[in-house]
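Note sheet for the following structure.
The values are calculated or read from the model by the stated rules, or taken from the named source; none is laboratory data. Because the structure is a prediction, the values reported are computed rather than measured. Note that we place each Cβ from the backbone using ideal geometry, even for glycine, and neighbour counts take in every protein chain shown. The protein model used for the area step is the full one, side chains on, heavy atoms only, and it has no ligands, DNA or RNA in it. Shrake-Rupley method; radii C 1.70, N 1.55, O 1.52, S 1.80 Å.
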Amino acid sequence: MPTFNLIGPGRLGKTLARLLVASGDYQLLGIAGGASPEAAREFIGAGEIGTLATLPPADFWLIAVPDGAIADVARQLTAASAIRPGDVVFHCSGAGEAALLAPLQAKGAKMASLHPVFSFADPALAAQTFPGTRCALEGDALACERLEALVRSIGGEPFCLAPGGKAAYHAALCVASNYLVTLSQLALDTAALAGMNEAEALPLLHGLMTQTLANIGRLGPAAALTGPIVRGDAGTVQSHLHALASTEQLSTCYTRLGIATLPLARQHLTDQLYRQMVDTLTSQSATSAGIVLVPPRP
Ligand SMILES: NC(=O)c1ccc[n+]([C@@H]2O[C@H](COP(=O)([O-])OP(=O)(O)OC[C@H]3O[C@@H](n4cnc5c(N)ncnc54)[C@H](OP(=O)(O)O)[C@@H]3O)[C@@H](O)[C@H]2O)c1
């Protein structure tokens, strides 16, 4: 049975270790790092507590420390000469590349990053709900191949990213998830201009966002788009801009997102309606905010 060591038994580390042990396909040997490794060991149900310098040889090395500590852990492991040629060493950062482990590659290790698109805020719950989670793999081909099997053994769904793309990949997740939250707050602030309080507005806006998300998943963004921009209704957009004019943050966001929406709407609009919409969105607050119009996709 392949063996692994865990460095950084925090939220993600102890959850993945528990799942790997429970799969019966991987044996946990050592656990290093963290202020309370005993509690992590109890949660995982296996492993001997050690230090970076005393961890035993293992086929896989799961580095689950915070992003800022990964390169330093790689340097310490290199100095400890703990890794054997062919061992797979991987970290779990969303934005960081496998190359953070470069000093270990020089020792013959196969390096990779494995990023589960999942929140490990509550490890006990995470261990139950992890199956079905998509996991991005990037790094040495052999390491990715072996990690594909590892991800599948705990119920995850692996997919591969080309080297050099992690920051953009993580930015995409940030836009899709974090900025969706920002968008919901912008919508609430806009509803407040109509005199609606949060208790009234949130169920209304959340219901609409949920319905729209389902349409995006089913139809893709272009076909899911409804509303005044795709209808070419410049008068309504003008009335929105007027209503938001007193709030610079809201009017700037409205126009920037409206301009980003234009390429999605372009194919549904005549040249004249498209030109009108461009003029409306780039006039007044839009131009004063210094917005540069992005040309529509061909
Ligand atoms: N949490 C998530 O939902 C999630 C999702 C996807 C990816 N990730 C990635 O997973 C990795 C771990 O994140 P996390 O949320 O699990 O962090 P975390 O809960 O803070 O756990 C990090 C663990 O590493 C230990 N540690 C910190 N510095 C160390 C060092 N220099 N040497 C050895 N151990 C060290 C910590 O010990 P102390 O607790 O004593 O500080 C803790 O046990 C990160 O790369 C993160 O980007 C996390």
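Before moving on, here are some points about what is shown:
- You will find that of GLU38, GLU48, GLU97, the residue that is of a type in the set (Asp, Glu) and either within 21 Å of PHE159 (Cβ to Cβ) or modelled with pLDDT under 95 (or both) is GLU97 and no other.
- Every pair of residues 6+ apart whose Cβ atoms lie under 8 Å, when the first sits in region 91-118 and is not assigned by TED's automatic domain parsing to the domain that holds ASP59 while the second is open to solvent by 30 Å² or more (accessible area, probe 1.4 Å) and away from the ligand (no atom under 14 Å from the Cβ): none
- From the list LEU12, LEU77, LEU52, the lone residue that is in the same structural domain as CYS160 (by TED's automatic domain parsing), in contact with a strand residue (DSSP E or B) (Cβ under 8 Å, 6 or more places away or on another chain) and either more than 9 Å from the ligand (Cβ to nearest atom) or free of Cβ contacts under 8 Å to residues at least 12 places away in the same chain (or both) is LEU77.
- Test: residue in region 37-45 that is over 27 Å from the mean Cα position of the chain (by Cα), over 19 Å from PRO2 (Cβ atoms), within 11 Å of the ligand (Cβ to nearest atom) and not β-branched (Val, Ile, Thr): yes
- Failed criterion for VAL65 (all others in (1) more than 16 Å from the ligand (Cβ to nearest atom); (2) among the β-branched types (Val, Ile, Thr); (3) in a loop (DSSP other than H, G, I, E, B) hold): (1)
Conditions tested, residue by residue: (1) surrounded by fewer than 20 Cβ atoms within 10 Å (Cβ to Cβ); (2) touching a Ser or Thr at 6+ places or on another chain (Cβ under 8 Å); (3) within 22 Å of GLY108 (Cα to Cα); (4) among the polar types (S, T, N, Q).
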{"residue": "LEU19", "(1), (2), (3), (4)": "no, no, no, no"}
{"residue": "SER23", "(1), (2), (3), (4)": "yes, yes, no, yes"}
{"residue": "GLN27", "(1), (2), (3), (4)": "yes, yes, no, yes"}
{"residue": "SER36", "(1), (2), (3), (4)": "yes, no, no, yes"}
{"residue": "ALA46", "(1), (2), (3), (4)": "yes, no, no, no"}
{"residue": "THR54", "(1), (2), (3), (4)": "yes, no, yes, yes"}
{"residue": "ILE63", "(1), (2), (3), (4)": "no, no, yes, no"}
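- Qualifying helices (runs of 4 or more DSSP H) (wholly inside region 174-268; at least 3 residues being in contact (Cβ under 8 Å) with a residue 12 or more places away in the chain and under 26 Å from THR282 (Cβ atoms)): 221-224, 228-231, 234-244, 248-265
- Of all residues making up region 80-126, the number that are open to solvent by 10 Å² or more (accessible area, probe 1.4 Å), away from the ligand (no atom under 13 Å from the Cβ) and of a type outside the set (Val, Ile, Thr): 15
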